[in-house]
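Below: the structure, in structure tokens.
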Ligand SMILES: [Zn+2]
């Protein structure tokens, strides 16, 4: 059996998609994305329990947010322009429509709303928030931009019966 090598994500692992998929291209379907996400969640849940599985999704989202911020966003912009860039990218990549509902720059306290979220919009109602990955993603983006640790919690979610996902973001205590 070949040895299993240790793996740490690098942005370059996304690869050269135009080279590799000259015909099928850069897009897939939301169903395929969700199939991967929710089968992985199911396996992690079974192996490690729900709490740990959610933590792992949060942590993966955080890593994604950090790398996304470093590779796709200009952190030298003032906050409102930085957020405008983030909004543009999330829309361009069909991840979701982001708006900022509350900005408190003094205390670094924010409320973000995402509509038509890639992870959850249209899911069955289970009365639980499910966007742990998004929580981590937003925390990762904010952490790289501000150089401070953030705690992001989803308080409204399609899966809870809401029509939007709403996230509170504050400095980690
Ligand atoms: Zn959600």
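Restricting to DSSP H runs of at least four residues, report the calculated mean residue ellipticity at 222 nm for the chain, -39500 (n - 2.57) per run over all residues, nearest 500 deg cm²/dmol. Walk me through the numbers on the way to the answer.
Details: 5 runs with 75 residues, N = 173.
Calculated at 222 nm, the ellipticity per residue is -14000 deg cm²/dmol.
Among 6-12, 139-145, 122-128, 163-169, how do they line up from the highest to the lowest mean number of other beta-carbon atoms within 10 Å? Spell out each step's value before the answer.
Details: 6-12: 8.1, 139-145: 23.7, 122-128: 10.4, 163-169: 19.1.
Highest-to-lowest ranking by the protection proxy: 139-145, 163-169, 122-128, 6-12.
For the chain, what mean projected area does the convex hull of the alpha carbons give, in nm²?
The orientation-averaged projected area of the Cα hull of the chain comes to 12.2 nm².
For the chain, modelled as a Gaussian network with Cα springs under 10 Å, which listed residue fluctuates most, 57, 82, 150?
82
Enter the Cα centre distance for the pair the stretch 112-140 and the stretch 3-37, rounded to the nearest angstrom.
Result: 21 Å between the Cα centres.
Each value in this text was obtained by applying a stated rule to the coordinates, not by laboratory testing. Source: prediction; values computed, not measured. We place every Cβ from the backbone using ideal geometry, glycine too, and count neighbours over all the protein chains shown.
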